[in-house]
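Chemist: Take this structure first; my questions come after.
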């Protein structure tokens, strides 16, 4: 009886999911301890144990802070620029028809190819990372905002106008509430883009951010600290993504169809 | 800021006039000097995509065979997919070296997740009525797969493959830019570091054109596969 209950508890999907993760970590631990040269791979237990030492490494906390600021600034700028351009294009059919194809074309081109240009124009400091992150982040916001504004039922706009709403009132009470779900979907995509852009630029060349240390640890064959740093960054990315996703769920709840 | 802008304005090296770029673009096409780098990048892309597509489809199919496995693995894959995998590039360089192997491995990893997730979605959510109807008409396992599951799942899998192809291409060019010995991304960085602006812009235009052609090709193939 209790055994059957235990078995049922273990069969729950999230328990099994954690089981899979633990199994993978065990495999990694075994591989790192007995098969692979310690120059290249370090066991998860050692990585975890070295996390305090990583944070005491000179410059690492500052580098993490710099990278976090780059991400934050790039995200805020992407949202602001994307929102402004998206609203301008979404609310004016003429502007949309003229410029939307250009934006779609730019969105489709691989921006990695012009990464060296960003470094050339903005230097090797944080400015180039922010600029490159923004270049990845603001397109999805424009896309979703334009789509969101277009999806507003015309009858809502007509009736608001018929009841004598001013331009600002229409924006405030009709357009904005209807835009929120797509706006948050865009923010989620923008966060993914900003993370990709900033981290790519960091890895390419960096003076103060984490890119400097990933290069350093790779060149010194120090997989323990490299894995530790990558884990910390991955955790940071997961937390940032999760915040935006929660926001999306929270703010789009009213809009069920 | 002002002094840097002045410096940029005076320094012709930081930008280039379009005529010179066009001339160099033509030069690159005529002399065929791009062939070596293009071959490296395309070989890496082909290998990475082949690995990602075969592993992704097989893993996705195996997972999609039971509702329980879908509920265990789909959130796991989706979670990993939301982490920027480019972070692991230094590790890949450490394991596989600076050559093509690290690019292939990274491209394959990044391309794997959209393909696997879409394969799960494609096979996992086939309308039960169709499956039951085929079964009651006496379809064998093979017939069920060939005539019901595959046609229902194929459009979604193809979309996953297009997404996987695009991200694999991006990550391969990106990792060539960051650390490599050859390839188109490497060539652009090489020219940028030598401050040879006109040929650099010409190569950027070339890579953008190649990417556009490849993406159009893949989208066309996807559309064709969906129609059938």
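The values are calculated or read from the model by the stated rules, or taken from the named source; none is laboratory data. In this text, all values refer to a predicted model and were calculated from it rather than measured experimentally. Ideal geometry is used to build each Cβ from the backbone, glycine not excepted, and the neighbour counts take in all protein chains shown.
Chemist: Starting from residues that are free of Cβ contacts under 8 Å to residues at least 60 places away in the same chain and surrounded by fewer than 24 Cβ atoms within 10 Å (Cβ to Cβ), keep the ones in the range A:204-216 and report whichever is nearest to the chain's Cα centre (by Cα).
Modeler: Of everything passing the filter in the range A:204-216, A:215 is nearest to the chain's Cα centre (by Cα).
Chemist: For residues that are away from chain B (no Cβ under 14 Å), touching a helix residue (DSSP H, G or I) at 6+ places or on another chain (Cβ under 8 Å) and surrounded by fewer than 20 Cβ atoms within 10 Å (Cβ to Cβ), tally how many sit in the range A:89-141.
Modeler: Result for the range A:89-141: 6.
Chemist: Suppose the filter is within 26 Å of residue A:231 (Cβ to Cβ), within 11 Å of chain A (Cβ to nearest Cβ) and either surrounded by 22 or more Cβ atoms within 10 Å (Cβ to Cβ) or in contact with a helix residue (DSSP H, G or I) (Cβ under 8 Å, 6 or more places away or on another chain) (or both); does residue B:107 pass it?
Modeler: For residue B:107, the condition - within 26 Å of residue A:231 (Cβ to Cβ), within 11 Å of chain A (Cβ to nearest Cβ) and either surrounded by 22 or more Cβ atoms within 10 Å (Cβ to Cβ) or in contact with a helix residue (DSSP H, G or I) (Cβ under 8 Å, 6 or more places away or on another chain) (or both) - is not met.
Chemist: Working carefully through the options B:133, B:52, find the one that is loosely packed, with under 15 Cβ neighbours inside 10 Å and either part of a helix (DSSP H, G or I) or away from chain A (no Cβ under 11 Å) (or both).
Modeler: Exactly one residue qualifies, and that residue is B:133.
Chemist: Do you know which residues across the range B:25-49 are out of contact with any helix residue (DSSP H, G or I) (no Cβ under 6 Å at 6 or more places or on another chain) and not in a helix (DSSP H, G or I)?
Modeler: Of everything in the range B:25-49, those that are out of contact with any helix residue (DSSP H, G or I) (no Cβ under 6 Å at 6 or more places or on another chain) and not in a helix (DSSP H, G or I) turn out to be B:32, B:33.
Chemist: Still on this structure, I have one more. Got a sec? Which of A:27, A:83 is more than 13 Å from chain B (Cβ to nearest Cβ), surrounded by 14 or more Cβ atoms within 10 Å (Cβ to Cβ), modelled with pLDDT of 85 or more and assigned to a helix (DSSP H, G or I)?
Modeler: A:83
Chemist: What are the residues in the range B:55-81 that are over 30 Å from residue A:8 (Cβ atoms) and surrounded by 19 or more Cβ atoms within 10 Å (Cβ to Cβ), if any?
Modeler: Residues satisfying the conditions are B:56, B:57.
Yes/no matrix, rows are residues, columns are (1) buried (at least 17 other Cβ atoms within 10 Å of the Cβ); (2) touching a residue at least 40 places away in the same chain (Cβ under 8 Å); (3) closer than 18 Å to residue B:20 by Cβ:
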{"site": "B:181", "(1), (2), (3)": "no, yes, no"}
{"site": "B:188", "(1), (2), (3)": "yes, no, yes"}
{"site": "B:193", "(1), (2), (3)": "no, no, no"}
{"site": "B:196", "(1), (2), (3)": "no, no, yes"}
{"site": "B:201", "(1), (2), (3)": "yes, yes, yes"}
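Chemist: Which number in (1) assigned to a helix (DSSP H, G or I); (2) within 14 Å of chain B (Cβ to nearest Cβ) marks the one condition that residue A:78 misses?
Modeler: Only one criterion in (1) assigned to a helix (DSSP H, G or I); (2) within 14 Å of chain B (Cβ to nearest Cβ) is unmet by residue A:78, namely (2).
Chemist: Further question: Restricting attention to the range B:69-99, which residues are more than 16 Å from the chain's Cα centre (by Cα), more than 7 Å from chain A (Cβ to nearest Cβ) and assigned to a helix (DSSP H, G or I)?
Modeler: Matches in the range B:69-99: B:69, B:70, B:73, B:74, B:77, B:78, B:79, B:80, B:92, B:96.
Chemist: What's the number of the condition residue B:97 fails, among (1) modelled with pLDDT of 90 or more; (2) on the phi > 0 side of the Ramachandran plot?
Modeler: Of the numbered conditions (1) modelled with pLDDT of 90 or more; (2) on the phi > 0 side of the Ramachandran plot, the odd one out for residue B:97 is (1).
Chemist: To continue, here is another question. With the condition being at pLDDT 85 or above and under 13 Å from the mean Cα position of the chain (by Cα), I'd like the helices (runs of 4 or more DSSP H) fully within the range B:136-228 carrying at least 1 qualifying residues.
Modeler: By residue number, B:150-178, B:197-227.
Chemist: Evaluate the following for residue A:175: is it buried (at least 18 other Cβ atoms within 10 Å of the Cβ), under 29 Å from residue A:88 (Cα atoms) and modelled with pLDDT under 85?
Modeler: It is true that residue A:175 is buried (at least 18 other Cβ atoms within 10 Å of the Cβ), under 29 Å from residue A:88 (Cα atoms) and modelled with pLDDT under 85.
Chemist: For the range B:204-220, which residues satisfy the criterion of being touching a residue at least 12 places away in the same chain (Cβ under 8 Å) and either out of contact with any helix residue (DSSP H, G or I) (no Cβ under 9 Å at 6 or more places or on another chain) or more than 8 Å from chain A (Cβ to nearest Cβ) (or both)?
Modeler: Listed by number, the residues that qualify are B:205, B:206, B:210, B:214, B:218, B:219.
Chemist: Residues that are more than 14 Å from chain B (Cβ to nearest Cβ): which helices (runs of 4 or more DSSP H) entirely in the range A:157-235 hold 1 or more of them?
Modeler: Counting at least 1 such residues, we get A:167-170, A:176-204.
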